[in-house]
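Below: the structure, in C-alpha cells.
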Amino acid sequence: MSSDVSDQAPGPSGEPTGRSAAAPTLVAPSLDDPVVNAASDAVGGPLGARALRPKLGSNTAIRTVARVLVLLTLLTLGLGVAQRSPCYSTAWNGTGKQQYNHLCYTDVPYMYYGRGFDKNLTPYRQTDAASGNYGLEYPVVAGATMETAALLAQKLGADTPDQVRWFYDITTWFLIVFSIVCVLAIIGLAGRRPWDAAMFALAPGLLLTGTINWDLIAVALASVGMLAWARNKPVVAGIALGLGSATKLYPVFLLIPLLVLCWRAGRMRQWTQATGTAVVTWLVVNAPVMIFAFQGWKYFFTFNDNRPIDLGSPWFAIRHWWNWVPPKQNVVIIALVLAGWLGVALLGLMARRRPRFAQLAFLTIAIFVLLNKVYSPQYVLWLIPLAALARPRWRDFLIWQCCEAAYYVAVWYYLVWQAGPSNGNTRGLPDNFYVWAIIIHLAGIVFMMVQIIRDILDPRRDPIRADGIDDDPAGGALAGSPDVWAWSQPRSHRAVHGVTSEPELAAV
C-alpha cells in the first residue's frame, strides 16, 4: 500500500508530502491543476506563497467552499432553465418542432400530457391506451415525485398549459434541491480537494440536461450513498443506494465496484451490510405498488425489455452503417456489459495498488452507458460526480464535456431533420452527421475511461494519490486497509500484511 512517490517529495500543490505530515492543508486548485492555474491569471493569478492555507478539517473553509459551489450550481441550473424559455412560454406546445429547433426539449411536460396527469389518472394504477398511455415507465420514487408535482400543479394552474408550466416549475425546484445535495456530497467525498466539486457545479452537462428528466434525484441519492460509505456508515449507504435504485436503476451498480474492493481488502462484512440494506430499502419502497398495482409496477421492466435500439447508442450507429442488429439484442447487450464489468473486476484485483472507489465506480457506470441500447442526453449526469472524484483534472473533464455538448446539439437537430417538411423548414442534421456525433460522444467517455485506467495502473498519475498523502477519501473502511486478496502480490506478502478482522477472508 505504500506510494510509488517519495514521501519527502513536494506534491503538485507545493506542500510537503508523506503520511507523517500533520494536519495536511486543503489543495489549492490554482496550484494543483494546470487549467485552473492558467485561468487564474484573469482574477489575479494563483494562490500566493504567503496566503492562508486552511487545514483539513477546517469547518470554516469547507463552509466557504460549500456556499460558493452551491451558488455556482444554482447559477448553472438557472442558465439551463433560462435556455428553455422559448418552450416554456408556449408550454412546450409550439409549432414547427420548436423544442428541437431551440434545443429546449425536456421530458417533464410530455409526461404530464402523455401519462394521464392532466386527466387526474393515478400512475401505475390507471392507464389510457386510447391516448397512447400504456403505463408509467419509471420506478416508483420517480413516479411519486411526478404525482406530487402534478397534484401541486393542478392546484396552482388555471388551465392545462398553465398546469404544464407549474409542473415543470415544481419539478425544477425538486431537482434544484437534489442538485444542492449532490454538490455537498461531492465536497464531503473529495477530502482535501473540496474544490473538485466545482466540476459538477459548472458542468456543461448539468446546464444542458439538468431538467430534462428526473435523473438528478438518483444522482444525488447515489452521491449520498457514496458519502455514507466514506463515513463508515454502510447501512446508511445501503438506504441511499436502495432509494436511488427505486428512482433510476443505475445506483445499484455502485455495489459492483464495492464488492471487488471489499473482497480485496477483506471488508466483506461492510459490503454485505450495505447490499442487504439496499435490497430491503428497495423492497420496502416498491412493495405497496407491487401489491396494489403489479401490472403498472411491472411496466418499467417490460418497457425497457421491449425497447428497441434507439438514439445515441453504438448499436444505432452500427445499424445505420451496416444495417445490422444483433439477434436477441437484450441478451447480447447484457452479456457484453457483464463482460465489461468482469474486466473492471479483474483490473481492481490485479492492479498493483488497490484502485479508489470512485475510479472503479466511473468505469462500471461508463461501461453500462457505452453498451446500452439507448443513450438519453441526461445520462451524462450519472457520470459527472464520479468523474470529478475519479479524475479531477479540468483538461480531461472539459474535453469529455465538449463531446457531450456536441452530441446534445446534434441529437435535437437530427430530430429536426427527421421531421422533414412537417417542420416547415429545411434545417437539421442529416443522418451521417448525427452518427458521427454519436461516435464523438462515445469517444469522450472512452477518453475519460482511458485516463482513469492509466491512473489505476500508475498511481503517480492519479491527482489524489500523487503527493503521497491521500489514499482514498471516498473509501471509508477501504482507505488505508491492507490487501487480503490480490493477484498483484505474492502469497507470502499477503500472508504477512493481510491481517484482517474477518478470519474467513484472512484464511484465503
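The values are calculated or read from the model by the stated rules, or taken from the named source; none is laboratory data. Because the structure is a prediction, the values reported are computed rather than measured. Here Cβ is always computed from backbone atoms with ideal geometry, including for glycine, and neighbour counts include all displayed protein chains. Just the protein is used for accessible areas: all its heavy atoms, side chains included, with ligands, DNA and RNA removed. Shrake-Rupley method; radii C 1.70, N 1.55, O 1.52, S 1.80 Å.
Odds and ends about this structure:
- Whole-number percent relative contact order across the range 180-320, with pairs defined as alpha carbons under 8 Å at least 6 apart: 18
- Ligands, DNA and RNA aside, F301 has an accessible area near 90 Å² when probed at 1.4 Å.
- A Stokes-Einstein calculation at 25 °C with viscosity 0.890 mPa s, built on the Kirkwood radius of the range 48-182 over Cα pairs, returns a diffusion coefficient of 142 µm²/s.
- For the chain, the mean residue ellipticity at 222 nm estimated from helices alone is -19500 deg cm²/dmol, where every DSSP H run of n ≥ 4 contributes -39500 (n - 2.57) and the total is divided by all residues, rounded to the nearest 500.
- Our summary gives the range 166-221 a relative contact order of 44 percent, counting only alpha carbon pairs under 8 angstrom and 6 or more residues apart.
- Loop-located trypsin sites (Lys or Arg not before Pro) across the range 215-279 with a Cβ neighbour count of 15 or fewer within 10 Å are R231, with loop assigned by DSSP.
- Dimensions of the range 396-486 from C-alpha coordinates, computed as largest minus smallest value along each principal axis and given longest first, are 65, 22, 22 Å.
- Measure of compaction for the range 294-384 (Cα Rg per 2.2 N^0.38 Å): 1.27
- Isolated Cys in the chain, by beta carbon distance under 4.7 Å: C182, C262, C402, C403
- By the compact-protein rule of thumb, 2.2 N^0.38 Å, the alpha-carbon radius of gyration of the range 208-280 corresponds to a ratio of 1.10.
- Normalised per residue, the accessible area of the chain is 42 Å², obtained with a 1.4 Å probe and no contribution from ligands, DNA or RNA.
- Percent accessible area from carbon and sulfur atoms, the chain, protein chains only, probe 1.4 Å: 65
- Global dimensions of the range 334-420 from alpha-carbon coordinates: Rg and Dmax equal 15.6, 55 Å.
- For the cross-link pairs K55/K233; K233/K298; K119/K328; K97/K298; K55/K248, the ones whose C-alpha atoms lie over 29 Å apart are K233/K298; K119/K328; K97/K298; K55/K248.
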